[in-house]
Structure formats: structure tokens, C-alpha cells
1. Which whole-Hz couplings ³J(HN,Hα) result when phi for each residue of segment 26-33 is put into the Karplus expression 6.51 cos²θ - 1.76 cosθ + 1.60, θ = phi - 60°, listed in order with x for Gly and Pro?
2. Between GLU19 and LYS5, how many nm apart are label points set 7 Å from Cα along the C-beta direction?
3. At R0 = 22 Å, how high is the FRET efficiency between ASP40 and ASN12 if r is their beta carbon distance? Nearest 0.05 is fine.
4. Please state the shape class of segment 3-42: rounded when a/c is under 1.5, otherwise prolate if a/b exceeds b/c and oblate if not, all from the C-alpha gyration tensor.
Amino acid sequence: MDKRKVIAAYRNGLISVQECAQILGVDNVQLIRLIREAGDAHRRMPVKQSVRS
């Protein structure tokens with residue numbers, strides 16, 4: 001499963017932090033790092049601008 005989808009499920013409250021760590025196969029310290037990195041990557045993504053006629 002894609003790490004981003006698992007982290008998104010955790011952020012949306014669908015799974016607990018323990019479940020998230022277990023699915024990803026990491027401990028809590030590694031999980032916190034992954035969540036921060038995922039958030040940083042999300043903020044760096046360019047925002048798609050809509051074209052208006």
C-alpha cells in the first residue's frame with residue numbers, strides 16, 4: 001500500500017497512529033518523521049491554477 005494513502009487515512013481519522021505504524025512497518029519515531037516529510041512534500045507541491053476564459 002502507498003505510504004501516502006496510509007498517512008492520509010491516519011490524518012483523516014480512519015486509522016489510529018498505532019495502526020498506521022503497524023501498516024507501514026515502522027516504530028513511532030519513524031512514523032512521526034514520515035508524517036512530517038509527507039506534510040512537507042504536500043506543501044511543496046505547486047497549486048494547480050484553473051484557466052478562465
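1. Each residue's phi maps through the Karplus curve to give 10, 8, 4, 5, 5, 5, 4, 5 Hz.
2. Roughly 1.5 nm, to one decimal.
3. 0.75
4. It comes out oblate by the Cα gyration axes.
Since every read-out is calculated from the coordinates, none of them should be taken as a lab result. The structure displayed is predicted, hence computed values, not measured ones. Methodologically, a virtual Cβ is constructed for each residue, glycine included, from the backbone with ideal geometry; neighbour enumeration extends over all protein chains shown.
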